[in-house]
Amino acid sequence: MIAFFELECSCTAPEEVVFLVGSGTALGSWDTYHGIVLETSPERFPWWYTTGPVVIESMHADFQFAISDRSLSVVRWEGLPYHRRLQCRHLRSKDGQQMEMVFRASWEDLSKLLLWLHGMPRTRGSPKLQLST
């Protein structure tokens, strides 16, 4: 599965970054030094996003967002009662192309979540996707 992540987070200081860490090598295997640093810009803030695709090899991925200084020493983790989790099955378009998924959420808010899929090339109809947090 190819995934892109976007997170709304306005509680960072200018010298801080948001990063993504989780299960599997693509998400750093829970090692903060191997996680993915998200980017933002003055035009897009408070939205933080992955700059490229994240290839998730397994059928599910557990992950968390954290705020850090530039050294990736964790300043604070999201205060959620459990990890976020993506569970996907056979994410391929009708013509067999791998699907892309965009996960969009808000910092420490499980009620604000948007998830969508699109194929390469773009297709109508989406495969079944289960999301649990």
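Just a few scattered comments:
- D (Stokes-Einstein, µm²/s), Kirkwood Cα radius, the range 13-70, 0.692 mPa s at 37 °C: 275 µm²/s
- Neighbour counts of other Cβ atoms within 10 Å put M59, M99 in the fewest-to-most order M59, M99.
- Normalised size of the range 38-90, defined as Cα radius of gyration per 2.2 N^0.38 Å with N residues, equals 1.36.
- When you count the other C-beta atoms within 10 angstrom of each residue and take the mean per peptide, 47-55, 60-68 line up highest first as 60-68, 47-55.
Read-outs throughout are calculated quantities, based only on the coordinates presented, and are distinct from any laboratory measurement. In this text, all values refer to a predicted model and were calculated from it rather than measured experimentally. So basically every Cβ, Gly included, is an ideal-geometry build from the backbone, and we count neighbours across all protein chains shown.
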